[in-house]
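Trainee: Mind looking over this structure? Questions follow.
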Amino acid sequence: MTIKEAGERYNLQTGELSGQYASHSQKKLSQLAGVFADAEAFSAMDGEQPVYEVDAHMAVEEGTSGGLFFGTSTIHPGRVGNEYFMTKGHFHQKRETAEYYWGISGEGVLLLMDKNRRCTAEKVEKGSLHYIGGHIAHRLVNTGDTDLVVGACWPSDAGHDYGSIETAGFSIRVVCEDGKAVLRESR
Ligand code: M6P
Ligand code: ZN
């Protein structure tokens, strides 16, 4: 028997994933219509502008029970009006499933929201570790002026439920006031 080279790679500096099971996707501003509060500022911006990138490592079929998925989200710096660039955010379709996030580089906020729309917020930075329990929606916000790079690991049967987030959003928004990131209740 021989020791095989691992074909799959994880760049510990950048979070970049490569190998047979790795894939890359990008979210442009135009794909985030309705996500940000300031519709006027949104429509004045270039829809082709990339807001975030996701590297995913999926070694099993989506929906497989007992498997795990692994990924890296890179949220670029920017704002729509005074609101920082962020991910869409989601609940898991299989509500009880949890997820880990960890900070790789940059500065940001992890917004967490339960089914009663109660929100909490955690600071994300290099080395921060975030256990996202089941039944909790999660969204990443880049409050810095460099890329926010965050690792993730979640069950392969968790699924994504964007439904209520698309219609009602999160109850808290992260906005820039006097050059600082602050939390504001969302109407
Ligand atoms: C992380 C994981 C993925 C998720 C991605 C982007 O990498 O949580 O499951 O798809 O972030 O977040 P969203 O799907 O909310 O846009
Ligand atoms: Zn998730």
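The values are calculated or read from the model by the stated rules, or taken from the named source; none is laboratory data. Note that this is a predicted model, so its numbers are computed, not measured. A quick note on method: Cβ atoms are made from the backbone with ideal geometry, for glycine too, and the neighbour counts reach across all protein chains shown. With ligands, DNA and RNA removed, areas are computed over all heavy atoms of the protein, side chains included. Shrake-Rupley method; radii C 1.70, N 1.55, O 1.52, S 1.80 Å.
Trainee: Assuming R0 = 30 Å, what is the FRET efficiency of ASP145 and MET1, from their Cβ-Cβ distance, to the nearest 0.05?
Mentor: Calculated transfer efficiency: 0.05.
Trainee: So what's the back-of-envelope 222 nm ellipticity for the chain, counting only DSSP H runs of four-plus at -39500 (n - 2.57) apiece and dividing by all residues, rounded to 500?
Mentor: -1000 deg cm²/dmol
Trainee: Between their Cα atoms, which of LYS28/LYS115; LYS28/LYS126; LYS123/LYS180; LYS27/LYS115 are more than 20 Å away from each other?
Mentor: LYS28/LYS115; LYS28/LYS126; LYS27/LYS115
Trainee: Mind ordering 55-62, 40-47, 97-104 by average Cβ neighbours within 10 Å, highest first?
Mentor: Answer by packing, highest mean first, reads 97-104, 55-62, 40-47.
Trainee: Length gain on complete extension for the stretch ARG9 to ASP38, per 0.36 nm per residue less the alpha carbon to alpha carbon distance?
Mentor: That pair, ARG9 and ASP38, stretches by 6.5 nm at full extension.
Trainee: Right, another one. In 5 Å bins starting at 0, how do the alpha-carbon pair distances of the chain split up by percent?
Mentor: Bin by bin from 0 Å, the calculated values are 1, 8, 16, 20, 21, 16, 9, 4, 2, 1, 1, 0, 0.
Trainee: Report the FRET efficiency, 1/(1 + (r/R0)^6), for ALA59 and GLN31, where r is their Cβ-Cβ distance and R0 is 22 Å, rounded to 0.05.
Mentor: 0.25
Trainee: Could you tell me the relative contact order of segment 9-185? Use alpha-carbon pairs under 8 Å, at least six residues apart, and round to a whole percent.
Mentor: It comes to 25 percent, rounded to a whole number.
Trainee: Once you charge only the Cβ atoms, +1 for Lys and Arg and -1 for Asp and Glu, what is the size of the charge dipole of the chain about its Cα centre, to the nearest 20 debye?
Mentor: 460
Trainee: Only loop residues by DSSP count here, and only those with at most 15 other Cβ atoms within 10 Å; note down the trypsin sites (Lys or Arg not before Pro) in segment 3-69 that meet that.
Mentor: LYS4
Trainee: Carbon and sulfur atoms: what percent of the 1.4 Å accessible area of segment 1-159 do they account for?
Mentor: 51
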